[in-house]
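These notes concern the structure reproduced below.
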Amino acid sequence: WIMARTTTRAKLLTLAAFVALDVARFGMFEFAMLDTINTMSVFVAADFASLVLSMSVSFIIEGRWAATKIFDWSCLWRWLTISVLFVGATGLHAEAYKVGLPVVVMDVMNKLYLPIAALISIFVFRREYGKLEWIAMGVAM
């Protein structure tokens, strides 16, 4: 719905901003590995900044209409709960690197997450995936 109203210039600026922020994430990750830094505080601060940035962009693009969608408390609590889980996962990922877990082990665990989550969603949520979705998961691994 947003892409239909967005110009090519705005799309390119959004892509450039995404690339710049993704590069900055690696710098933050290196900073978080210092022994004098509390790793979780770096990731919590980064994710809070991400939340503020995304809300600001929503207001800039959509205007006041976005406020009713953003502050729908039932949706907000659901997504904030998921966000807290992702912050925890990122922090544990950093701690695993800090204690010396090999990068290969972390990469394999990251790759196994997707099919395990898909299998759990099949049995728990009775979700059915099509052939194209299974192929996409295989390519993503």
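The values are calculated or read from the model by the stated rules, or taken from the named source; none is laboratory data. Since the structure is predicted, the reported quantities are computational estimates derived from the model, not experimental observations. Every residue, glycine among them, receives a Cβ derived from its backbone with ideal geometry; neighbour counts consider all protein chains shown. Accessible surface areas use protein heavy atoms only, side chains included; no ligands, DNA or RNA. Shrake-Rupley method; radii C 1.70, N 1.55, O 1.52, S 1.80 Å.
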> What's the center-to-center distance, using Cα atoms, between segment 53-67 and segment 85-139 in Å?
Replying inline: 31
> Roughly how many percent of the accessible protein surface of the chain is carbon and sulfur, given a 1.4 Å probe and a whole-percent answer?
Replying inline: 73
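Going by accessible area, probe 1.4 Å, with all protein chains left in place, what is the ranking of 121, 50, largest first?
Sorted by accessible area, descending: 50, 121.
Scan the chain and hand back the longest stretch that contains none of the chymotrypsin sites (Phe, Trp or Tyr not before Pro) lying in DSSP loops with at most 10 other Cβ atoms within 10 Å.
In short, 72-141.
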>> For residue 11, give me every one of the lysines with a C-alpha distance below 29 angstrom, ignoring sequence neighbours fewer than eight places off in its own chain.
In response: 69
>> For segment 70-141, which GluC sites (Glu not before Pro) pass both filters: DSSP loop (anything but H, G, I, E, B) and at most 16 other C-beta atoms within 10 Å?
In response: 128
> Which one of 13, 80, 29 is farthest out on the positive end of the charge dipole of the chain, using unit charges on Cβ (Lys, Arg +1; Asp, Glu -1) and the Cα centre as origin?
Replying inline: 13
> Once you charge only the Cβ atoms, +1 for Lys and Arg and -1 for Asp and Glu, what is the size of the charge dipole of the chain about its Cα centre, to the nearest 20 debye?
Replying inline: 560
> Of 40, 65, 94, which is farthest along the charge dipole of segment 2-101 in the positive direction, counting Lys and Arg as +1 and Asp and Glu as -1 at C-beta?
Replying inline: 65
>> Between residue 77 and residue 129, what's the calculated FRET efficiency when r is the beta-carbon distance and R0 is 25 Å? Round to 0.05.
In response: 0.35
> Between residue 31 and residue 18, 0.36 nm times their residue separation minus their Cα-Cα distance comes to what?
Replying inline: 2.7 nm
>> From the phi angles alone, apply the Karplus equation (6.51, -1.76, 1.60; θ = phi - 60°) to segment 57-74 and give each ³J(HN,Hα) in whole Hz, x where the residue is Gly or Pro.
In response: 5, 4, 5, 5, 6, 9, x, 5, 4, 5, 4, 5, 7, 5, 9, 6, 4, 5
